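Here, each number is a calculation from the coordinates, and none is a lab measurement. Everything quoted here is computed from the prediction, not taken from an experiment. All Cβ positions, glycine included, derive from the backbone under ideal geometry; neighbour counts span all protein chains shown.
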Amino acid sequence: MTRILAIETSCDETAIAVVEGAPDRVRVLSNVVSSQISIHAEWGGVVPHIASREHAANIEHVFAQAIHDAGVSFPSDIDAIAVTYGPGLGPALVIGLTFAKTLAAETGLPLVGVDHMDGHIHSNWLDAERPMDAVFPILNLIVSGGHTELVTMRDHGDYEVIGETQDDAVGEAFDKVARMLGLGYPGGPAISKLAQEGNPLAFPFPQPMRDSNSFHFSYSGLKTAVLYALRDMGDALKESARADVAASFQEAAIEVLVHKTIRAAHATNAKTVLLSGGVSANKLLRERLAQRLAEEGIAHVQPLMKYTTDNAAMIGAAGYFKFMKGATTPWDALSMQPNLTLGETAQDTLQSASTHAS
């Protein structure tokens, strides 16, 4: 079995994992995550220089814990090191990347640069109770605080983005509406919890671009509609109305995602649809997407809840498939790319492993 040490510091989680890869699934030996949510909550979002400082303070401890939990020896029991090199916050990315490059330089282990969104996609391969039976071509719905994308996948690492947000990502919209409702950060779980007490049909919020000819998304109009509704209620806003606003917003946001995904699956002749990203933890999204795809006769896979948010195990899974294709890079050539686009062929990610063996 091939073992990968994986490192993720693209935002506000310092995460390191050890995974064992196989073609039909990836087994997680350890997955340690040091979260900074409580630190950034008072700011209503992630502050890059604070995130970087916390990564630097925590990464060695997280590394030691991950090796211990996996029950392996480093470096003798590890075949390669995978690390997120983009997209993400530059000050945060550089901590994980520097740590990984230092380990690679000291040990001679191959280094694999992983796109953070590629990691989210491969969270679907983690700890499956049965062999992963996703059939290509695959359509991926990626939903997070920074991304809302529909991505076709012809093979591991072979992607084409066919739809993306034109303004706010859906996770960003959840956070902003949560602030409007006084729910704090992060907004997704807070909105979902409050929505359970509300009527999703109470406010006919718009569903921007739902029926457009493209597979792109837009959430700024929906966010603005919520703002106007709350402004019109003013001091008369009651707790029950807050719940109705949360439920109606969530309904509109999720319905657009599901509707567009079904259309895209048919248009691309997808054999399987995967869901991934932090917003994939949303209960309504998981249930409705699964139901609609079942009605359409399209296979569907969702990541286990514990792997929906940022973690290093997903980076290890993506890293495993890249490593098996020989996509390694010298430690002194891999550089961070905060604005990396999924599927982009960076000059520092495709050097064959055979080069290092020569």
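Some observations on this one:
- Here's the list of lysines a cross-link from K101 could span, going by alpha-carbon distance under 26 Å and ignoring same-chain residues fewer than 8 apart: K322, K325.
- The equivalent ellipsoid that matches the C-alpha gyration tensor of segment 135-303 spans semi-axes of 30, 15, 14 angstrom, in descending order.
- Using C-alpha pairs below 8 Å separated by at least 6 residues, the relative contact order for segment 55-210 is 12 percent.
- Calculated FRET value between Q65 and R179, using beta carbons and R₀ = 25 Å, to 0.05: 0.15
- Placed amide H near G277: partners under 5 Å, 5+ positions off or other chain: V143
- Of S76, S34, S144, the one that fluctuates the most in a GNM where the chain has Cα springs shorter than 10 Å: S76
- Taking a straight line from the alpha carbon of K306, these aspartates and glutamates sit under 13 Å away, with near neighbours fewer than eight places off in the same chain left out: D127.
- L340 long-range amide H proximity, modeled H, under 5 Å: G88
- For peptides 266-278, 184-196, 86-98, sequence by mean Cβ density within 10 Å, most packed first: 86-98, 266-278, 184-196
- Sequence-distant aspartates and glutamates (8 or more away, or on other chains) whose Cα lies within less than 15 Å of K193: D175, E239, D244, E251
- Bridge orientation summary for the chain: considering DSSP beta bridges with both residues in this region, about 60 percent are antiparallel.
- Take every pair of alpha-carbon atoms less than 8 Å apart whose residues are at least six positions apart; their mean separation over the length of the chain yields a relative contact order of 24 percent.
- Karplus-derived 3J(HN,Hα), 6.51/-1.76/1.60, for each residue of segment 61-76, Hz, glycine and proline x: 5, 5, 4, 4, 5, 5, 5, 5, 5, 6, x, 10, 9, 10, x, 4
- Relative to the current alpha-carbon distance between Y228 and D211, full extension at 0.36 nm per residue lengthens the span by 3.8 nm.
- Take the Cα of D77, step 7 Å toward its Cβ, do the same at K193, and the gap between the two points is 3.7 nm.
- Theoretical FRET efficiency, 1/(1+(r/R0)^6), r = Cβ-Cβ of K306 and T107, R0 25 Å, to 0.05: 0.30
- Between segment 267-319 and segment 60-109, the alpha-carbon centres lie 27 Å apart.
- For segment 239-318: rounded, prolate or oblate by the Cα gyration tensor [a/c cutoff 1.5]: oblate
- Listed values for segment 252-265 are Karplus-derived 3J(HN,Hα) couplings in whole Hz (6.51 cos²θ - 1.76 cosθ + 1.60, θ = phi - 60°), namely 5, 4, 6, 4, 4, 4, 5, 4, 5, 5, 4, 4, 5, 4, and x replaces Gly and Pro.
- Helical runs (DSSP H, four residues minimum) scored at -39500 (n - 2.57) apiece and divided by the length of the chain put the mean residue ellipticity at 222 nm at -13000 deg cm²/dmol.
- Backbone phi angles across segment 178-191, fed through the Karplus curve with coefficients 6.51, -1.76 and 1.60 (θ = phi - 60°), yield HN-Hα couplings of 4, 5, 4, 8, x, 9, x, 10, x, x, x, x, 5, 4 Hz in residue order; Gly and Pro are listed as x.
- Placing a label point 7 Å from the Cα of N339 along the Cα-to-Cβ direction, the residues of segment 145-171 with a backbone N closer than 19 Å are 146-149, 161, 164-169.
- Three-way shape call for segment 72-220 based on the alpha-carbon gyration tensor, with the a/c threshold at 1.5: prolate
- For L29, the residues 5 or more places off, or on other chains, whose built amide H falls under 5 Å of its own are V18, V19, E20.
- Packing rank of 215-222, 151-158, 12-19, where each peptide gets the mean count of other beta carbons within 10 Å, highest leading: 12-19, 215-222, 151-158
- Hydrodynamic radius of the chain per Kirkwood, over alpha carbon pairs, in Å: 20.8
- Theoretical gain in end-to-end length, I50 to D235 [0.36 nm per residue, Cα-Cα removed]: 63.0 nm
- Listed residues A100, A313, A22, most fluctuating in the chain (Gaussian network, C-alpha, under 10 Å): A22
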